[in-house]
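Report on one structure; see the data block that follows.
Quick note: the coordinates plus some simple rules give every number you see, no bench work behind them. All values reported here derive from a predicted model rather than from experimental measurement. Here the Cβ positions follow ideal geometry from the backbone for every residue, glycine too, while neighbour counts run over all protein chains shown.
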Amino acid sequence: MSRLVILDARLVDGSGELGRGDVVVEDGRIAALGEGVGAGVQADRTVLAGGRTLTPALIDLHAHLREPGQEVKEDLASGLAAAAAGGFGTVVSMANTSPVVDEPGLVADLVAKADALRVGGRGAARLRPAASLSHGLRGQALTDFAALQAAGAVMITDDGIPVADGRLMRSACEYARDLGLVVQTHSEDPSLRGDGVMNEGIVSQELGLPGNPTAAEAVMVARDCEVALLTGARVHIAHVSCKRAMQVIEHYKALGAPVTCEVTPHHLTLTDEALRSFDPVFKVAPPLRTADDVAYLRDAVRRGVVDSIGTDHAPHTRAEKELDLGSAPFGLPNIEVALPLLYTRLVLAGELGETDLLRLLQDGPAEVMGWPAPRLEVGAPADLVLIDLEDERAVEPERFRSKAKFSPWAGERLRGWPWLTLIDGEVAFEAPEAVV
Ligand code: DOR
């Protein structure tokens, strides 16, 4: 039997504050928790938490891990290690790889590789892969959802590419509904989006750059919500970036449509003003919007309209991101800074409660997927993260586990860094500062 003891932590989960206490982990599960339960217990490893915050490991329903085929950007080992370093215990990987994850064999390969990465606590979060909605992301023919699900796919999505054909989206939702699968959307109308490289507005006009209007997103969100209403399928709207799209979602939620939605750390903290630098690190799809949009998204988060925060961690090579704005790919890496970024910019700024933030990274995503709410309780899997809420440290991309060693927040001083991440009771990440 393996045993690990965490002494003197502040215990918090989606049910609230559980006070200060110890946690005893045996064979990957929580065996005891509470004040003094760890005192004198013989263990393979004892962690002195020193009052740091212990909470269930976070869940990310949206990360691009680039395997198979784009391992120059990221692979399962680097991406899942980056996730663990960010405090995430479970990650849903996107299917827009090369080849696209559109066959059961590819799903099974990913699951087997990720399982192997966790053997012996080699530092990887759990993988729950998504599979694509259409073959090759071509938006023409549906993949075999039942076979993909049987192979281990937990979500269906063409994320990265919008499903332009409404009839295909409808069929996808009908099959997904019958199988109990969540369909995640990348809701942007391709014709309205055109060749926009940033938000269409005053800044794009001043810079003379092609803009992507919020209408492109709002129109497609409306279509996707209508299809959810029509079919009864569970539709999760990914990376909502603007007020108009969020208002559409509010409208459909009020009608009882089975839709949920996600916002990202970047859409909650950056605006299109960042593009004045002409730095493609800020080029992302959907684009960074205006301060007004960011304020609206934050308000929607506070009002409970937003179901989950997903990172949309989208690593690329530095060479690709050093091309001009027109040619550089969309996407930015963020899985290792998401928690401290949001803790510092939202919680410490007084805009959101700490437990509300955690809920959007724990119970929220679990609910979207129909998974049990992660809890600190006896018998629960020991997927845990110990967070240091006091230590302030700058974002140092060169320290990232991700292969994408650059960041829109490089140099920013943040608080709320993960200190230790356990997956199945094994140490998957330990901050260098934590190693005594
Ligand atoms: O900016 C983005 N990058 N948005 C997406 O939806 C896809 C992602 C990627 O795959 O790089």
Inset, instruction - Give the calculated FRET efficiency between Ala112 and Arg276 to the nearest 0.05, with a Förster radius of 56 Å applied to their Cβ-Cβ distance. - result: 0.75
Inset, instruction - Compare the Cα positions of Leu76, Pro129, Gly87 along the charge dipole of the stretch 72-150 (+1 at Cβ of Lys, Arg; -1 at Cβ of Asp, Glu; about the Cα centre) and return the one farthest towards the positive end. - result: Gly87
Legend entry - Given charges at Cβ of Lys, Arg, Asp, Glu: the stretch 361-426 dipole, positive-most of Ala410, Gly364, Leu422: Ala410
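Counting Lys and Arg as +1 and Asp and Glu as -1, each charge on the Cβ, what is the dipole of the chain about the Cα centre in debye, to the nearest 20?
Working: 41 positive and 63 negative charges, 22 e Å.
Dipole of the chain, to the nearest 20 debye: 100 debye.
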Inset, instruction - Write down the radius of gyration of the stretch 60-201 and its Dmax, each obtained from C-alpha positions, in Å. - result: 15.5, 51
Legend entry - Spacing of the two label points (7 Å from each Cα toward its C-beta) at Ala32 and Arg415, in nm: 3.4 nm
Inset, instruction - List, largest first, the extents of the alpha carbons of the stretch 1-104 along their principal axes, each in whole Å. - result: 52, 31, 24
Legend entry - Cα→Cβ-extended label distance, 7 Å offset, between Ala39 and Glu390, nm: 2.2 nm
Inset, instruction - Choose one answer from His313, His64, His251: the residue with the largest mean-square fluctuation in a GNM of the chain with alpha-carbon springs under 10 Å. - result: His251
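When ranked by the protection proxy of mean other Cβ atoms within 10 Å per residue, highest first, what sequence do the peptides 287-299, 355-367 form? Mind showing how you got there, number by number?
Numbers: 287-299: 19.5, 355-367: 22.2.
Packing proxy ranking, top to bottom: 355-367, 287-299.
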Inset, instruction - Compute the long axis of helix 104-118 from its Cα atoms, compare it with the longest principal axis of the Cα atoms of the chain, and write down the angle in degrees, 0 to 90, nearest 10. - result: 30 degrees
Inset, instruction - Mind pulling the per residue volume of the convex hull built on the Cα atoms of the stretch 202-343? Å³ is fine. - result: 110 Å³
Legend entry - Nearest 10 degrees, 0 to 90: helix 76-85 Cα axis against the chain principal axis: 60 degrees
Legend entry - Under-20-angstrom lysine pairs by C-alpha in the chain, whenever the two are 8 or more apart or on separate chains: 13
Inset, instruction - Report, to the nearest 10°, how far helix 214-231 tilts away from the longest principal axis of the Cα atoms in the chain, using its own Cα long axis and a range of 0 to 90°. - result: 80 degrees
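Translational diffusion coefficient of the stretch 306-352 at 37 °C, 0.692 mPa s, Stokes-Einstein with Kirkwood Rh over Cα pairs, in µm²/s as a whole number. Spell out each step's value before the answer.
Working: Rh = 12.6 Å.
For the chosen part, D equals 262 µm²/s.
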Inset, instruction - State to the nearest 20 debye the size of the charge dipole of the stretch 374-436 about its Cα centre, where the only charges are +1 on K and R beta carbons and -1 on D and E beta carbons. - result: 320 debye
Inset, instruction - Mind jotting down the distance between the C-alpha centroids of the stretch 85-121 and the stretch 231-246, whole Å? - result: 25 Å
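Test of understanding: what is the full-extension gain from Ser98 to Arg303, defined as 0.36 nm times their sequence separation minus their Cα-Cα distance? Write out the running numbers ahead of the final one.
Numbers: separation 205, 0.36 × 205 = 73.80 nm, distance 3.89 nm.
In short, 69.9 nm is gained.
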Inset, instruction - Quick one: work out Rg over Rh on the C-alpha atoms of the stretch 314-436, Rh as Kirkwood radius. - result: 1.00
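In whole Å and largest first, what semi-axes does the C-alpha gyration tensor of the stretch 175-269 yield when each eigenvalue is scaled by 5 and square-rooted?
On the way: eigenvalues 150, 32, 26 Å².
Each semi-axis is √(5λ); the values are 27, 13, 12 Å.
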Legend entry - Difference of contour (0.36 nm per residue) and Cα-Cα distance, Glu367 to Asp292: 24.1 nm
Legend entry - Rg/Rh (Cα only; Kirkwood hydrodynamic radius) as it applies to the chain: 0.96
Legend entry - Estimated FRET transfer efficiency (Lys253, Asp356; beta-carbon r; R0 22 Å; 0.05): 0.75
Legend entry - Computed magnitude of the charge dipole of the stretch 327-436 (debye, nearest 20; Cβ of K, R +1, Cβ of D, E -1): 420 debye
Legend entry - Charge dipole of the stretch 303-395 about the Cα centre (unit charges at C-beta), most positive-ward option of His313, Gly353, Ala380: His313
